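Enquirer: Before anything else, here's the structure in question.
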Amino acid sequence: MDLHATAEAPSSPQLKDRHDIPDHFKWNLAHIFADWREWQAAYDELETKIAGYAALQGTLNQGALHVLATMKLQDEIGQLTYKVWYFASLRYDEDQRDNQINAKRQQVQILFAKLNQASAWFNPELLRIPLPTIQRWLNENDELAVYRFALEDLYRLQEHVLDDKGERLLSLSSRFSSSPNDSYSALSTADVCYPTVTLPSGGEVTLTYGQYRAILATHRNQADRAMAFTEYHELYASNINTYAALYHGVLQRDWFHSQARDYRTTLDAVLHGNNIPPAVVENLIETTKAGTVPLRRYHRLRKRVLGLDTYHVYDTTIPLVDFDRKYAYENVLEWLPASVERLGRDYQAQMQEGLAGGWIDVYENQGKRSGAYSAPVYGVHPYMLLNYNDTLDAVFTLAHEMGHSMHTLLSNAHQPFVYSAYTIFVAEVASTLSEALFLEYMLARATDEREKIVLLQHAIDGIVSTFYTQVMFADFELQAHRLVESDRPVTADALADIYFSLVKAYHGDAVDYDDLSRVTWARIPHFFSTPYYVYQYATCFASSAQLMKQLTTGSAAERSTAIERYLSLLKAGGSDHPMTLLQHAGVDLSKPEPVRAVVDQLDDLVTQLETAIDHLKPRSM
Ligand SMILES: [Zn+2]
């Protein structure tokens with residue numbers, strides 16, 4: 001079995017100059033504005049409208065028509081904002097070395113700050129009008145009725161807003177509220193001194209986070225991975241009491257804000273914005289913890305295939321097989337629309353139009369922004385930035401971003417502007433479902449067992465990192481916040497105990513544990529920068545797993561209803577609270593079913609992986 005040949009990091013080819021890349025591989029920003037002159041005219045128009053908006057202050061209580069005029073002007077400003085911002089921002093991302101364009105981009109940011117000031121009067125002035133009065137106006141005026149959900153939601157959010165004096169006091173705390181996270185960044189990034197080590201297999205390396213990850217993903221020698229893990233985590237272990245004190249600051253800040261605004265818990269406070277019941281997070285955590293059997297099966301399988309005597313957390317990312325197939329962009333242009341055949345001809349046709357129509361900036365060039373994204377340019381079409389490099393990861397990244405873009409396209413086409421944007425709570429549903437459909441398509445057409453194994457590992461690792469790990473993180477955050485909510489001490493040991501017991505609860509006897517895993521929590525920047533955020537990746541993933549199940553199983557009639565329901569979700573944009581939108585699509589996140597769909601999906605993928613590995617053995621042994 002030649003599964004364990006040395007993996008090589010891909011060599012980076014010479015970067016091209018943007019001018020040397022043919023136009024049909026670049027996005028066409030002339031769809032937004034023909035040139036900078038047109039952009040400047042729109043910028044000036046935006047500035048005029050912002051001044052006009054400020055002048056409306058004091059008019060709202062004069063009746064429905066005045067509220068309507070304000071809402072319409074808000075829409076006009078919003079629509080223009082998309083175009084003015086993205087034209088500058090996308091041009092900047094083409095080559096970030098261009099100072100002139102960077103200056104224009106900053107010019108828009110300054111205008112946004114003006115916009116914030118010019119519109120700050122709106123919420124307080126509206127909320128001084130009693131809700132029954134607004135509701136009467138909404139009933140009397142059809143044009144205003146469009147804004148019902150948006151306006152009523154402001155009143156719902158008002159429940160936990162304090163009086164002027166209270167709000168002023170809270171706003172004064174904002175400067176030091178960011179202090180624990182600022183200190184965390186300084187300690188973990190700015191002031192850190194990365195160790196330079198000599199690996200057991202030879203070669204000296206400075207262990208930045210990127211290098212650490214690269215060693216775990218490419219070094220076939222387990223001793224190299226073990227050393228990288230130990231040395232990298234010692235960085236955190238040696239400052240662990242400081243990290244614990246900083247995290248204690250995060251927890252106390254969250255609890256202070258929650259109590260000041262009269263929420264029962266920190267979780268209630270963070271979920272109120274999107275109107276998510278806390279039971280969703282509790283259910284997510286409990287059902288996932290009960291569904292770790294396939295996760296452990298996967299790790300036991302890895303240990304066997306990798307031929308390891310002991311299997312550690314640093315052994316969880318190395319590829320099972322070496323496989324270096326390249327995927328030409330031209331091929332993907334055919335495969336991607338074919339993979340969404342289930343969603344109907346219209347959906348396919350719109351995707352094809354996007355792939356051919358100047359939406360995508362495909363290849364890397366000198367100065368181009370790294371990574372990938374989908375930019376929702378309202379009134380034009382979505383744009384996608386890629387750094388396509390013919391790898392399997394790049395192919396799935398395109399499938400992912402295309403999912404976002406189709407969501408944007410359908411939402412913009414079917415919603416009034418005010419509801420065209422969707423929240424993060426539903427955003428990753430379309431992207432992960434797009435990836436799942438693409439995986440299904442690629443697995444069906446793969447003839448090489450190695451390619452199948454690579455595809456399956458890609459999908460499984462995706463579930464582990466975007467689902468299981470994120471739920472485990474959410475569990476850690478919830479338990480840590482509950483320490484301060486119930487006046488219990490927060491120490492490095494207390495945090496390590498919570499984290500380590502979670503790692504063990506998830507992995508059971510499938511992993512051999514290292515004491516240094518007790519400090520891993522200190523390495524997760526999300527805990528410090530955006531508490532209670534990561535669970536949303538997991539709820540999106542669970543929603544998309546259940547939708548995938550509904551789209552692909554059951555009778556033909558059931559499947560076609562499921563497709564309609566899914567497309568309605570995409571068309572619904574941000575027209576209601578995310579839980580309600582998902583319920584209409586057939587997903588109830590307060591029930592265990594969506595999480596169980598992920599567990600079943602993982603179980604099925606691990607079984608397929610076992611089969612593929614068994615098929616591979618005789619030939620290569
Ligand atoms: Zn995404």
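Enquirer: Read through the list (1) within 19 Å of T242 (Cα to Cα); (2) in contact with a Phe, Trp or Tyr (Cβ under 9 Å, 6 or more places away or on another chain), then give the number of the only condition that C193 fails.
Expert: The single condition C193 does not satisfy is (2).
Enquirer: Checking the conditions here, which among L199, L138, L207, L216 is in contact with a Lys or Arg (Cβ under 8 Å, 6 or more places away or on another chain), within 30 Å of Y311 (Cβ to Cβ) and either modelled with pLDDT of 95 or more or surrounded by 16 or more Cβ atoms within 10 Å (Cβ to Cβ) (or both)?
Expert: L216
Enquirer: With closer than 21 Å to Y468 by Cα and touching a residue at least 60 places away in the same chain (Cβ under 8 Å) as the only criterion, which of L581, L589 stands out?
Expert: Of the residues listed, the single one that is closer than 21 Å to Y468 by Cα and touching a residue at least 60 places away in the same chain (Cβ under 8 Å) is L589.
Enquirer: Any chance you could count how many residues in region 219-238 are surrounded by 19 or more Cβ atoms within 10 Å (Cβ to Cβ) and among the polar types (S, T, N, Q)?
Expert: 1
Enquirer: Next question, about the same structure. All but one of (1) within 16 Å of the ligand (Cβ to nearest atom); (2) over 18 Å from Q352 (Cα atoms); (3) not in a loop (DSSP other than H, G, I, E, B) hold for V418; which doesn't?
Expert: Here V418 clears every test but (1).
Enquirer: Check A474, A505 and return the single one that is modelled with pLDDT of 95 or more and surrounded by 23 or more Cβ atoms within 10 Å (Cβ to Cβ).
Expert: A474 is the lone residue from the list that is modelled with pLDDT of 95 or more and surrounded by 23 or more Cβ atoms within 10 Å (Cβ to Cβ).
Enquirer: Answer with yes or no whether D44 is over 30 Å from E330 (Cβ atoms) and under 33 Å from the mean Cα position of the chain (by Cα). Don't jump to the end; show me each part of the working.
Expert: Working: over 30 Å from E330 (Cβ atoms): yes; under 33 Å from the mean Cα position of the chain (by Cα): no.
For D44, the condition - over 30 Å from E330 (Cβ atoms) and under 33 Å from the mean Cα position of the chain (by Cα) - is not met.
Enquirer: Filter region 385-399 for residues that are surrounded by fewer than 22 Cβ atoms within 10 Å (Cβ to Cβ) and within 12 Å of the ligand (Cβ to nearest atom) and give the result.
Expert: F396, T397, listed by residue number.
Enquirer: Among the residues of region 173-206 satisfying the criterion of being among the aliphatic types (A, V, I, L, M) and more than 15 Å from R225 (Cα to Cα), which is farthest from the chain's Cα centre (by Cα)?
Expert: V192
Enquirer: Sticking with this one: Can you name every residue in region 518-555 that is of a type in the set (S, T, Y), touching a Lys or Arg at 6+ places or on another chain (Cβ under 9 Å) and in a helix (DSSP H, G or I)?
Expert: Hit for region 518-555 is T552, nothing else.
Enquirer: Report yes if A510 is within 28 Å of D604 (Cα to Cα), of a type in the set (G, A, S) and more than 16 Å from the ligand (Cβ to nearest atom), otherwise no.
Expert: Spelling it out, A510 is indeed within 28 Å of D604 (Cα to Cα), of a type in the set (G, A, S) and more than 16 Å from the ligand (Cβ to nearest atom).
Enquirer: Another question about this same structure. All but one of (1) buried (at least 20 other Cβ atoms within 10 Å of the Cβ); (2) within 15 Å of the ligand (Cβ to nearest atom) hold for Y468, so report the exception by its number.
Expert: Here Y468 clears every test but (2).
Enquirer: For E435, state whether it is more than 16 Å from the ligand (Cβ to nearest atom) and in a helix (DSSP H, G or I).
Expert: No, not satisfied.
Enquirer: If I ask for residues that are at pLDDT 95 or above and either of a type in the set (K, R) or at positive phi (or both), which ones from region 550-585 would you list?
Expert: Once the filter is applied, which keeps residues that are at pLDDT 95 or above and either of a type in the set (K, R) or at positive phi (or both), region 550-585 yields R559, R565, K571, G573.
Enquirer: Filtering region 403-435 down to residues that are among the hydrophobic types (A, V, I, L, M, F, W, C) and out of contact with any Phe, Trp or Tyr (no Cβ under 9 Å at 6 or more places or on another chain), which residue is nearest to L29 (Cα to Cα)?
Expert: Filtering first and then ranking leaves L409.
Residues are listed down the side, and each one gets a yes or a no for (1) closer than 22 Å to W521 by Cβ; (2) hydroxyl-bearing (S, T, Y); (3) not in a helix (DSSP H, G or I):
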position: Y243; (1), (2), (3): yes, yes, no
position: F256; (1), (2), (3): yes, no, no
position: D262; (1), (2), (3): no, no, yes
position: D268; (1), (2), (3): no, no, no
position: N275; (1), (2), (3): no, no, yes
position: A279; (1), (2), (3): no, no, no
position: E282; (1), (2), (3): yes, no, no
position: E286; (1), (2), (3): yes, no, no
position: R297; (1), (2), (3): no, no, no
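Enquirer: Against the conditions (1) under 30 Å from E364 (Cα atoms); (2) loosely packed, with under 13 Cβ neighbours inside 10 Å, where does D98 fall short? Just the number, please.
Expert: (2)
Enquirer: Restricting to region 315-337, what's the tally of residues that are within 30 Å of Y298 (Cα to Cα), over 25 Å from the mean Cα position of the chain (by Cα) and in a helix (DSSP H, G or I)?
Expert: 1
Yes or no, residue by residue, for (1) in a helix (DSSP H, G or I); (2) among the acidic types (D, E):
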| residue | (1), (2) |
| --- | --- |
| G371 | no, no |
| P382 | no, no |
| D390 | no, yes |
| H400 | yes, no |
| N412 | yes, no |
| A427 | yes, no |
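The values are calculated or read from the model by the stated rules, or taken from the named source; none is laboratory data. In this text, all values refer to a predicted model and were calculated from it rather than measured experimentally. Cβ: placed from backbone, ideal geometry, glycine included. Neighbour counts: every protein chain shown.
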